[in-house]
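Each value in this text was obtained by applying a stated rule to the coordinates, not by laboratory testing. Since the model is a prediction, treat every value here as computed from it, not as a measurement. Cβ coordinates were reconstructed from backbone atoms using ideal geometry, including for glycine residues, and neighbour counts include every protein chain displayed.
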Amino acid sequence: MNFVVGYDFIESLFYNPSFTGVEIPPANQVLLEIDHVDILTSGTPITIYPTVKESKVIIYREKHYFPFFTGLILPVGDYSGVNVYLKNNGKVIIQDREYSLVIDTPIVSYSDTFSVQLGKVTTLESATLKDYNDGLAGNRRTPTRGTFEKVLSPEFVYQTNAAAIQHMYINIVNRAANIHDSLTKLNINVESLSASSSGNSSFVLNRTPTQFEVLQLRNGYVGLAGANQIEAGNYEYFELALARTHSAEATGGIPIQLYMDEASQNIFRFYGPFVLRGGETFETYLHLDPNRSVYFVKDHGYVIDPTVSLLATASMNPSEEEIKIINTVGKFMNILASESDIIIRGTVTSVTPLVAPNASGRNLIYSDVVLNVTKSLKGNVDIGPFSLRVPGGTYNGIMLEVSNMPKFKASEEVLIYLYKQGSTWKVTRGNLGKINL
């Protein structure tokens, strides 16, 4: 499930027609942070606490949409609304200066009923109150770039030398609960990849347009975006240029052309510094998050707003396979090793789904994984079969995906970091604790 808000101006988020107020310079960005989300039901609400990354909401002046959350997995059924609880440590960027944003009533609500259906995606869509009052609440909203002179609310206080901006609430109106097909393929087009040195020299790693089916690149699988032999030395950043046209497929093989807002970012720079040594191979691992990059809006269908991050780097000579394995987890290497009781390498021989009670006594879908251990890098583990149970899997046609938890499939060779909780082995730090070899 997704929750998306459309807007023409950042200032529209704080608009209320019953107030007359103060004029402020245009804001460039608003940065919000989610504390938790309540999914309202006929009984006890379902409370969800996002990860640190998922909790960040960045609203750009140049864009027309932003998601409060995407990729939320809920049981099939009917729901009566959503409350998003924000932390009071927001920020507003005005004329390149950062101000604290204090929201006195930090609750954003979708106050209408909606349903979640098997094999479908539900997107809750709202718009700012100003857009709604300007007549953009019809079946299709066409974003504009008209004139917006004031934030009409006395609670919104701006002074040139102030350190903070105060406001009561974020003002949005429900538009629709869209139910649409889930995507089975996501084709991302890469135009080029390059590296820039501290001396302003640029080296192309790939300038041939390349397409990646991103949904296949899961559980440690990677695609090669570019490779080249370049000079040793210090490099300031890598630059990834994506095309502005991308495509997807929905359930049943239905082709979809993804809409990209004219202000959406398509060039990404990942800053180092990076040291490339002669005679060694340097690898950079990038991650495009499909859950945070693609969502559905009533006006345009599927929208793509790429979210790309630098996961890790690795530097090795031809004989350093074990170093490559460890460096794949990047800055978390020492943390993973110290938090793990054992580190093992092996091949998955079987994955068996089942239903079993969790710590609270509720039945959930799990997967029993059996590995043939070929090497123990930490702890005393015998060579041969080794079993563990991980949450998630597909049982009798019902699939459960658990955020940030690794998936396993037979025949894959893996390196796994594990810690013991009681009599049960757990994967250290979720997805970070499993590396496909």
(request) Highest first, please rank the peptides 425-435, 174-184 by the mean number of other Cβ atoms sitting within 10 Å of their residues. (result) 425-435, 174-184
(message) Based only on other Cβ atoms within 10 Å, what is the fewest-to-most ordering of Val30, Val5, Val351, Val57?
(response) Val351, Val57, Val30, Val5
(request) Could you please tell me the mean projected area of the C-alpha convex hull for the stretch 332-437, averaged over all directions and given in square nanometres to one decimal? (result) 6.8 nm²
(request) Could you quote the convex hull projected area for the stretch 370-423, Cα atoms only and averaged over all directions, in nm²? (result) 5.0 nm²
(request) May I ask you to order 297-307, 355-365, 41-51 by the average number of other C-beta atoms within 10 Å around their residues, highest value first? (result) 297-307, 41-51, 355-365
(message) Could you check the spin-label model distance between Ser309 and Tyr271? Points 7 Å from the Cα along Cα→Cβ, value in nm.
(response) 1.8 nm
(message) Counting C-alpha atoms alone, how compact is the stretch 201-286: give Rg to one decimal and Dmax as a whole number, in angstrom.
(response) 16.1, 49
(message) Within 11 Å, Cβ to Cβ, of Asp341, how many net charges do the neighbouring residues add up to if Lys/Arg are +1 and Asp/Glu are -1?
(response) +2
(message) Once you place label points 7 Å from the Cα toward the Cβ at Glu339 and Ser202, how far apart are they in nm?
(response) 3.8 nm
(message) What does the charge count around Ser192 come to, taking other residues whose C-beta lies under 12 Å from its C-beta (Lys +1, Arg +1, Asp -1, Glu -1)?
(response) -1
(message) Test of understanding: what is the full-extension gain from Lys120 to Thr394, defined as 0.36 nm times their sequence separation minus their Cα-Cα distance?
(response) 97.0 nm
